[in-house]
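> Sharing a structure below in structure tokens format, with a few things to ask.
The values are calculated or read from the model by the stated rules, or taken from the named source; none is laboratory data. Bear in mind that the values here come from a model prediction, so they are computed numbers and not experimental data. Glycine gets a Cβ as well: all are built from the backbone with ideal geometry, and neighbour counts include every protein chain shown.
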Amino acid sequence: MDARGTTRRELGCCCLSDGPADGGPAIDSTAADNEVDDVPIDNANVGMGNNSDNLNTSASMNDGDSFQPDIFDPRYWDSLGSKQIDILAQKGPKRDLSIQKDVNDTTGQGLFDVLQDQLKDLDLDIDDVRGQGYDNGSNMEGCKNGVQKKLLDLNPRAFYSACSCHSLNLTLCDMAKTCGKAKDFFGIIQRIYTIFANSTKKWQILKDNITRLTPKSVSATRWESRVESVKAIRLQCADIREALLQVSDIDSDPKTSSEAKGLANNELGEYEFIVAIVIRYEVLYAVNLVSKQLQSKDMLIDVAIEKVQGLIVFFQNYRETGFLEALETAKGIALEMDIGTSFRKRRKIKRKRHFDENPDVPDIATLSPEESFRISYFIPIVDQAISSLTRRFEQYQGYQKMFGFLFTSETLQSLDNESLKSSCDNLEAALEKDGKSDIDANELYAELKFLQNFIPQENMGPLEILKFLKRHNSFPNASIAYRVCLVGLWL
């Protein structure tokens, strides 16, 4: 389900049910002796049943395992055998369209009602949900009236996980709206691109002047395109300005000629804009680097938290030293372009102070142009980045406190008896509702205590540990704990 009001097969939640609703596989959250399928747990494995017209073939993924993958499910394509691939090639991917529907009420309550109805149609108990994940629209992830909050009110064990990469994109969106200059920045970048992209002749002028990176159009959804568009100008300011001046000289269209000349002289010819583009590139590059790392298919939540915390520390340090460094970098670019290396002095506008204003706080109009730019542009962007990152990733820290001791075998083996027992008690409480929990803390402690010495010495992630538990089929509580843990990790 997404913020546009469409429900899909990917309901954004994972159910641990007591039995299959339609003959398909299910995960029992309470039966400690239930076996775990040797496949990644994913949030879309809801009501899969007979959706493949029994074309899953009788071949199993492993000789000793009775699990039959749904060959039409893209999650299992990397594990298919040659015969299964042949069937998939003949039939083609298949999607279950039966649960797609449009909804009129796209509020949090309206979408939650649709989700409840769909779970009932699939004969799935909402109390068996152990994870939920959606886009970051307020009607979905809102902490007061969003779908995730309403589901948590009914089932506190339906742990919510937001998409980390989407959260980073929204952080960039927040930064782009901090002030008027920040809002205008990407509009100027797009205007520069449009000047050259309007005709092959002007594009050739651009290519004749640049030797490395080609400017890119600014996409409203793909934030990596914004990094590339800023990078091309940041590293080739002088060349692109020269191309704009050539367009203004030879273009027969007065409007295009005037716009090209204005961009060359008023934007790329101004030291202030050069400073702005240096700052923007540093910020976008740092966020994009972490975003790419988070998109790795093997990324675990503990590593993701570490990367985001490192990004927050980067912005905290950048707030203290980044502006002066940006000024020095911009001066080098300005000298190369033979333009001024100081901010333009603007006419001071006297403004009457209100009675409730702090007289000790200096009016921006009385500050130097350089300090005014730092306070009105640089500081708001960096502070917004720190605030947005901290707010959006607080939930991951809560998830780490709950399941962190299970993330890797190295972490598990490092715990002393007291810490391990405390972690088991906390997890039992987190998985409890109406006096019943998915696990028994004492039994989980005993199983994990044995695993600390029994598990292989090489560092293993939660999926590898779960497969290890399944092979030995002697750790029922630990198996349930790792299955629930992995639901949140893959949402």
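> If the Cβ limit is 7 Å and pairs must be 6+ apart or interchain, which residue in region 294-309 that is surrounded by 15 or more Cβ atoms within 10 Å (Cβ to Cβ) pairs with which residue that is in a loop (DSSP other than H, G, I, E, B) and of a type in the set (Gly, Ala, Ser)?
Note: pairs meeting the criteria are Leu300/Gly461.
> Among all residue pairs at least 6 apart or on different chains, which show Cβ distances below 6 Å where the first residue, located in region 166-191, is farther than 13 Å from Leu284 by Cβ and at pLDDT below 75 and the second is assigned to a helix (DSSP H, G or I) and of a type in the set (Lys, Arg)?
These pairs meet every condition: Ser167/Arg392.
> Somewhere in region 217-228, is a residue closer than 20 Å to Ala330 by Cβ, part of a helix (DSSP H, G or I), at pLDDT below 90 and assigned by TED's automatic domain parsing to the domain that holds Leu289?
Checked against the condition, which is being closer than 20 Å to Ala330 by Cβ, part of a helix (DSSP H, G or I), at pLDDT below 90 and assigned by TED's automatic domain parsing to the domain that holds Leu289, region 217-228 yields at least one hit.
> Same structure again: Of (1) over 30 Å from Tyr396 (Cα atoms); (2) among the charged types (D, E, K, R); (3) at pLDDT 90 or above, Asp86 satisfies all except one. Which?
Only one criterion is unmet by Asp86, namely (3).
> Considering only region 174-184, I want to know if a residue exists there that is assigned by TED's automatic domain parsing to the domain that holds Asp249, crowded, with 18+ Cβ neighbours inside 10 Å and in contact with a Pro (Cβ under 7 Å, 6 or more places away or on another chain).
Yes, some residue in region 174-184 is assigned by TED's automatic domain parsing to the domain that holds Asp249, crowded, with 18+ Cβ neighbours inside 10 Å and in contact with a Pro (Cβ under 7 Å, 6 or more places away or on another chain).
Every residue, every condition in (1) assigned to a helix (DSSP H, G or I); (2) surrounded by fewer than 16 Cβ atoms within 10 Å (Cβ to Cβ); (3) hydrophobic (A, V, I, L, M, F, W, C), yes or no:
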position: Leu444; (1), (2), (3): yes, no, yes
position: Glu447; (1), (2), (3): yes, no, no
position: Asn453; (1), (2), (3): yes, yes, no
position: Glu458; (1), (2), (3): no, yes, no
position: Ile465; (1), (2), (3): yes, no, yes
position: Leu469; (1), (2), (3): yes, no, yes
position: Ile480; (1), (2), (3): yes, no, yes
position: Val484; (1), (2), (3): yes, no, yes
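> If you scan region 198-236, which residues turn out to be hydroxyl-bearing (Ser, Thr, Tyr) and either under 23 Å from Gln246 (Cβ atoms) or in contact with a helix residue (DSSP H, G or I) (Cβ under 8 Å, 6 or more places away or on another chain) (or both)?
Ser199, Thr200, Thr211, Thr214, Ser217, Ser219, Ser229, listed by residue number.
> Could I ask something else about it? Scan region 192-204 residue by residue and report those that are under 13 Å from Ile233 (Cβ atoms), hydrophobic (A, V, I, L, M, F, W, C) and free of Cβ contacts under 8 Å to residues at least 60 places away in the same chain.
Phe196
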